[in-house]
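Asks: Here it is: the structure, laid out below.
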Amino acid sequence: MNLKKVVLALLLLLGIGVPQVGAVSMGLPALTPDLSVLPLYSFRIDFGALTVLQMRSLRSQRPGDLWGPYLAITYGAAPNAELSVDGMIYKVFEPERGKGSSAVGDFAVWGKFILGDARERLKYGVRFGAKLPNTPSNKDFGTNQTDFFMHVFAGAPFRGWEVSAFGGIGILERPRGEESQDDIAMVGVLGKRPFGKGTLRVEAQGFTKSRIYGDNWALAANLEWPVSPSFAVLGGGQISKGRFYGSGEIRIGLVARF
């Protein structure tokens, strides 16, 4: 069977057949959309390990570290559109005190669409995301809720950087005991540029007004370095603040394109 058909089947399985959970992206190299789209019918696969430092348990509010493998599959669905499934395959939470928990991790589905004339210097678009429950609610990091995200973004080249910014909302299912849903405001700015043979990304992003997670903000950077025409290594980290983002993040992984 053609390898692209196998990966497309996996993308559909993860996106439709398997319940998912994830407040924000954890498998893609940046949450803020960039201005590029994969070539039609091509794939990008990100796989690696991620550690979130000093986040807080949703169950007990104990501080601790969360770690596990991450995966993101992105597909060039149209000349102006990408589909992505991303998240952490498995999560382990290790608190400073007491016993932690582990379970299947978070996945979210995203659709990114570039609007207008792609040849214009200023580009803009929309992105939609959705997640369904997967991680049990009795875990330190599980909410057992269905959420929806809607973002608009725009950007243009600036002094050697490709700069983009987004804003939008997340509609989180209401927490237990609440009569209304948990609406959050989300913003982010991304700068991307060549760095030697590789690609450097620098991003500031966050969300606010959440009754589940509170306010969360992060400053992140990563470097993607090619080792062959089809493969690259990626390493990076962030400093952050908030119940979901913790105090920082360390990421190392591989990137495959075909």
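Asks: With a 1.4 Å probe and all protein chains kept in place, how much accessible area does residue 247 have, in Å² rounded to the nearest 10?
Replies: Its heavy atoms expose roughly 60 Å² to the probe.
Asks: Between residue 254 and residue 219, what is the label-to-label distance in nm when each label sits 7 Å out along the Cα-to-Cβ direction?
Replies: Inter-label distance under the simple model: 3.4 nm.
Asks: Here's a follow-up. Solvent-accessible area of residue 26, probe 1.4 Å, all protein chains present, reported in Å² to the nearest ten, please.
Replies: For residue 26, solvent-accessible area is about 20 Å².
Asks: Give me the percent of accessible area attributable to carbon and sulfur for region 21-257, probe 1.4 angstrom.
Replies: Within region 21-257, the accessible surface is 61 percent carbon and sulfur.
Asks: Set the Förster radius R0 to 51 Å, insert the Cβ-Cβ distance between residue 122 and residue 61 as r into 1/(1 + (r/R0)^6), and round the FRET efficiency to 0.05.
Replies: It comes to 0.70.
Asks: A further question on this structure: Net charge around residue 148, counting only other residues with Cβ within less than 10 Å of its Cβ (Lys, Arg = +1; Asp, Glu = -1)?
Replies: -1
Asks: Under a 1.4 Å probe, what is the accessible area of region 21-257 per residue, stated in Å²?
Replies: That works out to 46 Å² per residue.
Asks: Moving on. Would you kindly state how much longer the chain becomes between residue 187 and residue 233 on full extension, computed as 0.36 nm times their sequence separation minus their alpha carbon distance, in nm to one decimal?
Replies: Contour length minus Cα-Cα distance gives 13.8 nm.
Asks: Follow-up. What net charge do the residues around residue 192 carry, taking every other residue with its C-beta under 11 Å from that of residue 192, with Lys and Arg at +1 and Asp and Glu at -1?
Replies: Around residue 192, the charge tally is -2.
Asks: Using a 7 Å offset from Cα along Cα-Cβ at residue 96, what residues in region 57-84 end up with backbone N under 20 Å from the label point?
Replies: What the label zone holds, given the 20 Å backbone N cut-off, is 57-67.
Asks: Right, another one. Charges only on Cβ, +1 for Lys and Arg, -1 for Asp and Glu: so what's the dipole of region 21-257 about the Cα centre, in debye to the nearest 20?
Replies: Value, rounded to 20: 300 debye.
The values are calculated or read from the model by the stated rules, or taken from the named source; none is laboratory data. No experiment lies behind these values; they were computed from the predicted model shown. Positions of Cβ are generated from backbone atoms using ideal geometry, with glycine treated the same way; all protein chains shown enter the neighbour counts. Surface areas here come from the heavy atoms of the whole protein model, side chains and all, with no ligands, DNA or RNA. Shrake-Rupley method; radii C 1.70, N 1.55, O 1.52, S 1.80 Å.
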